[in-house]
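Note sheet for the following structure.
The values are calculated or read from the model by the stated rules, or taken from the named source; none is laboratory data. Please read all numbers here as calculations on a predicted model, not as lab measurements. Cβ atoms come from the backbone with ideal geometry, glycine included; neighbour counts cover every protein chain shown. To get the accessible areas, we keep the full protein, side chains included, count just its heavy atoms, and leave off ligands, DNA and RNA. Shrake-Rupley method; radii C 1.70, N 1.55, O 1.52, S 1.80 Å.
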Amino acid sequence: MRHVRPEIVAHRGASQHRAEHTRAAYELALQQGADGLECDIRLTRDGHLVCVHDRKVDRTSTGRGVVSTLTLDRLSQLDFGRWHDELPESADDLMQEPIGQPSAEEHERGLLTLEDLLGLLKDSPRPVKLFIETKHPVRYTGLVEAKMLAQLRRHGLNAPASKEESRVVVMSFSRMAVRRVRQHAPLLPTVLLLDRLPTSLRGGELPDWADITGPGIHLLREDPDYVARCAEQGHGTYCWTVDEPADIDLCQRTGVRYLATNAPARTRRHLESGPSATVGQTLPGE
């Protein structure tokens, strides 16, 4: 049986080896041949879109506080990569160097804005998709999507010739957020992210404002046939976050279109060591 290889999406960049959402993480993901990049975006107090997953910066930076209460200038003073020390790979090296070293140079560990990431995407010598997740609930509600779409418009990315050709895919766990994107940018492909599978979606159907289903890998372990049911309805699958070999195999076996992983290079090696595969898949109507 010939399996279709999922497209590899670097989750927050190559975040297993570089601090998540830093320029270093995304540059490494591109070097590792990722087919797509994934990021989370939030609004600062002064209205800038920044790539930060958590509501607070406490976990991922040298600062403290809620993103929406901090200005871009304040966030730009923080180190978002010092905490992410990369230990040597071999036991012998670990004996000589028991303390990890910062995994990137200081200038590559600062705050990354969506504008920075779009620039990196534009400069890529090969076509790479950007999967943007808008985080909710937030104090600014729909302003996040409005700011994002305005920024994409300035870059000429808000109205692709077709959804399949789009360089950008927009995602959210918030149904309202995905609906807002469809309303204001109908040509952008959208993903409805799922951490549980409601009865209304188990047959593979999606609301008309969502193109792609976005289950967590735990949902596919429980119901691997869900991917096929979605394909029958004309919907591809974006699965997060897939790092374990058994889960990678599950995604390929079931026909997942986009596989989000923290380790793009290792995931690619694992996929390429299996049955020969063609990248991507064509769904009905595409």
The one condition ALA185 fails out of (1) touching a residue at least 12 places away in the same chain (Cβ under 8 Å); (2) under 28 Å from LYS122 (Cβ atoms); (3) loosely packed, with under 14 Cβ neighbours inside 10 Å is (3)
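Please pick out the residue among LEU118, LEU30, LEU72 that is over 29 Å from GLU244 (Cα atoms), modelled with pLDDT of 95 or more, open to solvent by 10 Å² or more (accessible area, probe 1.4 Å) and of a type outside the set (Gly, Ala, Ser).
Within the list LEU118, LEU30, LEU72, the selection yields LEU72.
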Within region 207-216, residues buried (at least 20 other Cβ atoms within 10 Å of the Cβ) and free of Cβ contacts under 8 Å to residues at least 40 places away in the same chain come out as ALA210, THR213, PRO215
GLY100 fails exactly one of (1) of a type outside the set (Asp, Glu); (2) at pLDDT below 95; (3) in contact with a strand residue (DSSP E or B) (Cβ under 6 Å, 6 or more places away or on another chain); (4) surrounded by 19 or more Cβ atoms within 10 Å (Cβ to Cβ), namely (4)
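Basic (Lys, Arg) and part of a loop (DSSP other than H, G, I, E, B): is that true of ARG59 in this structure?
Criteria met by ARG59.
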Selection from region 65-82 of residues farther than 17 Å from HIS107 by Cβ, touching a Lys or Arg at 6+ places or on another chain (Cβ under 7 Å) and not aliphatic (A, V, I, L, M) yields GLY65, SER68, THR69, THR71
Matching residues in region 188-199 (open to solvent by less than 80 Å² (accessible area, probe 1.4 Å) and either in contact with a strand residue (DSSP E or B) (Cβ under 8 Å, 6 or more places away or on another chain) or basic (Lys, Arg) (or both)) number 8
Q: Would you confirm whether any residue within region 153-170 is among the polar types (S, T, N, Q) and touching a Ser or Thr at 6+ places or on another chain (Cβ under 6 Å)?
A: no
Looking across region 33-66 at residues that are closer than 26 Å to LEU271 by Cα and of a type in the set (Gly, Ala, Ser), the single one that is most open to solvent (accessible area, probe 1.4 Å) is GLY33
Considering residues that are outside any strand (DSSP E or B), open to solvent by 10 Å² or more (accessible area, probe 1.4 Å) and farther than 21 Å from SER174 by Cα, the number found within region 1-20 is 7
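Listed here are the residues, each with its yes/no results for (1) at pLDDT 95 or above; (2) farther than 26 Å from ARG175 by Cα; (3) touching a helix residue (DSSP H, G or I) at 6+ places or on another chain (Cβ under 8 Å); (4) charged (D, E, K, R).
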{"position": "ASP211", "(1), (2), (3), (4)": "yes, no, no, yes"}
{"position": "ILE217", "(1), (2), (3), (4)": "yes, no, yes, no"}
{"position": "GLN233", "(1), (2), (3), (4)": "yes, no, no, no"}
{"position": "VAL242", "(1), (2), (3), (4)": "yes, no, yes, no"}
Screening ARG253, ARG180, ARG202 for residues that are of a type outside the set (Gly, Ala, Ser), open to solvent by 40 Å² or more (accessible area, probe 1.4 Å) and either under 24 Å from HIS155 (Cβ atoms) or in contact with a Cys (Cβ under 6 Å, 6 or more places away or on another chain) (or both) leaves only ARG180
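Yes/no per residue for (1) out of contact with any strand residue (DSSP E or B) (no Cβ under 8 Å at 6 or more places or on another chain); (2) closer than 18 Å to PHE131 by Cα; (3) charged (D, E, K, R):
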{"position": "VAL4", "(1), (2), (3)": "no, no, no"}
{"position": "ARG12", "(1), (2), (3)": "no, yes, yes"}
{"position": "HIS21", "(1), (2), (3)": "no, yes, no"}
{"position": "THR44", "(1), (2), (3)": "no, no, no"}
{"position": "ARG59", "(1), (2), (3)": "yes, no, yes"}
{"position": "VAL66", "(1), (2), (3)": "no, no, no"}
Here the qualifying pairs (Cβ atoms under 7 Å; residues six or more apart or on different chains; first in region 103-125 and within 20 Å of LEU43 (Cα to Cα) and among the aliphatic types (A, V, I, L, M); second open to solvent by 20 Å² or more (accessible area, probe 1.4 Å) and assigned to a loop (DSSP other than H, G, I, E, B)) come out as LEU118/HIS155
